[in-house]
Amino acid sequence: MDGVPTVIPGELVPASALVDVTKLVSAYFTQQPDPEDERQRVTFGTSGHRGSSLKGSFNETHIAAIVQAVCDYRKAKGISGPLFLGRDTHALSYPAYVTSIEVLVANGVEVLVDSEGGYTPTPVVSHAILRHNRRERRLADGIVVTPSHNPPEDGGIKYNESHGGPADTAATRWIEQRANQLLRAPGGVRRVSWTRATKADTVHTFDYLSSYVDTLPEVIEIDAIARAGLRIGVDPLGGAAVTYWSRIAERYKLELEVVNEEVDPTFRFMPADWDGRIRMDCSSPYAMRKLIDLRDRFDIAFGNDADADRHGIVTRAGGLLNPNHYLSVAVSYLFPHRAQWPTAGRLGKTVVTTQMIDRITAALGRELFEVPVGFKWFVSGLFEGSVLFAGEESAGATLLARDGKAWTTDKDGIVLNLLAAEIHSTLQADLADVYRKLEQRFGSPAYQRIDAPATPDQKKKLASLRAADVQLRELAGSRVIAVLDKAPGNGASIGGIKVVAEDAWFAARPSGTEDVYKLYAESFRGAEHLREVQEVARQFLATIL
């Protein structure tokens, strides 16, 4: 079409197609959401509230209401310690950060902000909360202003409770309902001017970077990486980890090169994703193309999304590792190499993550803890030390410290990247080759996730689907052995359905942020059988949506 720039997946986006940051930020302050429009209300998905100021779904009014709701929640729960506040590099993150401080100060909340005025990755906030609460009686919590890997025009905000991880369903439901009440009655929001907020004696600085980087040997054998002399490449994808990687290299004398230190709210340096949109998705071969092209320069390379809670591993032998492949490698490596971990601890995964992990876990004699999509389901186990490692197919994971204590209770892309370097150093092997050996032992699964359009009504139907509604007895020639609407690990609703056969499975659930449903499928009988499984799934879903 004339006038519409051509955007090619894996290539840079034309300047005319980049987000207009001035317009985006202006809309944050000038557009007023309609609280009667469902699309413009506060909605907490699996990781907080996300939206765009241009669509009336992430504006100053939203953030003021959400942060006031957080203040009301922490007061009701007796949380009287400081609140750790972080932000990423998205254009809307700083305005929302400012609004957050104005509301927090007006509510008398002690706020800890970065001592350098910089960006703070999600796992660093989780780490800080846990450290504080181990030594202080007045419990702390946190807010991270980030839409994670979402496109440049999006904003996001999430609340981490005093356990350091994402707020659970009860908390997010309470905050969401209270925030929507405040959208209708904004007079309930307490707020001071930015001038007053900057002078408030309740706003303090905190050295997030040193607190996190200096303690990394507690979770990763960094000395092994340094001794191996690995040549490491890192692309922070313009995100909050950009200053962290150079400090890590300096602190631990690693041969580590940050190949891109640029921060720009348009993310003009990012190759377009599969659909032509910019996403800082470090699990996407399109978004990670630049680093993949450089892989021959390094023994191993990795990237992070904008708030560094996701990991992306690039090896010489395999290019960008599929997240499921890397999680499988990590699980197989960690249990024999963490002698101080509890012998009774469990391995956590979501219901849509590869069953390769199930097979490895069984071979290791460990217990599997399978939960719905959403990292919040792992938090209590990580906090208590009963879940040793937790991962999900979307490239989010964390693990306990080497002594068996909680490291973070949120996803930690920085540590998972460093773990990949530790594995390479210790095994003296490319991780792609390590995974191939796992395939020789446990089978070679074909896996794919597909996003398909769905109306809000169709999404509601899918979310309310029950196991009794599924009468499938066979899945592309494989006998169906289970139909699940609840996760085996904790009995919580998976918000959709999972059909499990002897050597294949599929799952379907609605997206919490987009008008699509997600279809996940895996087969241990190869790519052709996977396509057959997907077709059976599509035909079944067509009958109920």
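The values are calculated or read from the model by the stated rules, or taken from the named source; none is laboratory data. Bear in mind that the values here come from a model prediction, so they are computed numbers and not experimental data. All Cβ positions, glycine included, derive from the backbone under ideal geometry; neighbour counts span all protein chains shown. Note: areas computed on protein heavy atoms with side chains; ligands, DNA, RNA excluded. Shrake-Rupley method; radii C 1.70, N 1.55, O 1.52, S 1.80 Å.
Let's see how each residue does on (1) among the acidic types (Asp, Glu); (2) in contact with a strand residue (DSSP E or B) (Cβ under 6 Å, 6 or more places away or on another chain); (3) assigned to a loop (DSSP other than H, G, I, E, B):
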site	(1), (2), (3)
PHE58	no, yes, yes
ALA65	no, no, no
PHE84	no, yes, no
TYR94	no, no, no
LEU104	no, yes, no
VAL109	no, yes, yes
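Among the residues of segment 157-172, is there at least one that is within 23 Å of SER380 (Cβ to Cβ) and open to solvent by 50 Å² or more (accessible area, probe 1.4 Å)?
First, pick out the residues of segment 157-172 that are within 23 Å of SER380 (Cβ to Cβ): 157-172.
Within this subset, residues satisfying the condition of being open to solvent by 50 Å² or more (accessible area, probe 1.4 Å) are 168, 170.
Yes, some residue in segment 157-172 is within 23 Å of SER380 (Cβ to Cβ) and open to solvent by 50 Å² or more (accessible area, probe 1.4 Å).
Of all residues in segment 182-192, those being of a type outside the set (Lys, Arg), touching a residue at least 12 places away in the same chain (Cβ under 8 Å) and not in a loop (DSSP other than H, G, I, E, B) number 4.
Whether any residue in segment 212-224 is within 30 Å of ASP72 (Cα to Cα) and crowded, with 18+ Cβ neighbours inside 10 Å is what I want to check.
To start, the set of residues in segment 212-224 that are within 30 Å of ASP72 (Cα to Cα) comprises 212.
Restricting the remaining residues to those that are crowded, with 18+ Cβ neighbours inside 10 Å gives 212.
For segment 212-224, residues within 30 Å of ASP72 (Cα to Cα) and crowded, with 18+ Cβ neighbours inside 10 Å: present.
Determine, yes or no, whether PRO217 is under 22 Å from TYR94 (Cα atoms) and of a type outside the set (S, T, N, Q). For PRO217, the condition - under 22 Å from TYR94 (Cα atoms) and of a type outside the set (S, T, N, Q) - is not met.
Please pick out the residue among ASP305, ASP309 that is surrounded by 23 or more Cβ atoms within 10 Å (Cβ to Cβ) and touching a Leu at 6+ places or on another chain (Cβ under 7 Å). Full working, then the answer.
Working: ASP309 fails: touching a Leu at 6+ places or on another chain (Cβ under 7 Å).
Answer to the selection: ASP305.
I'd like to check something: does segment 193-211 contain any residue that is charged (D, E, K, R) and surrounded by 15 or more Cβ atoms within 10 Å (Cβ to Cβ)?
Of all residues in segment 193-211, those charged (D, E, K, R) come to 196, 199, 201, 207.
From the residues that got through so far, the ones that are surrounded by 15 or more Cβ atoms within 10 Å (Cβ to Cβ) too are none.
So far as segment 193-211 goes, no, none of its residues is charged (D, E, K, R) and surrounded by 15 or more Cβ atoms within 10 Å (Cβ to Cβ).
Would segment 177-187 turn up any residue that is closer than 17 Å to LEU85 by Cα and of a type in the set (A, V, I, L, M)? Scanning segment 177-187, I find no residue that is closer than 17 Å to LEU85 by Cα and of a type in the set (A, V, I, L, M), so the answer is no.
The single residue among ALA69, ALA64, ALA96, ALA76 that is open to solvent by 20 Å² or more (accessible area, probe 1.4 Å), modelled with pLDDT of 95 or more and either of a type in the set (Asp, Glu) or within 23 Å of ILE129 (Cα to Cα) (or both) turns out to be ALA76. Give the residues of segment 268-284 that are part of a loop (DSSP other than H, G, I, E, B) and within 13 Å of ASP235 (Cα to Cα), sorted by residue number. Hits for segment 268-284 are PHE269, MET270, MET280, ASP281, CYS282, SER283.
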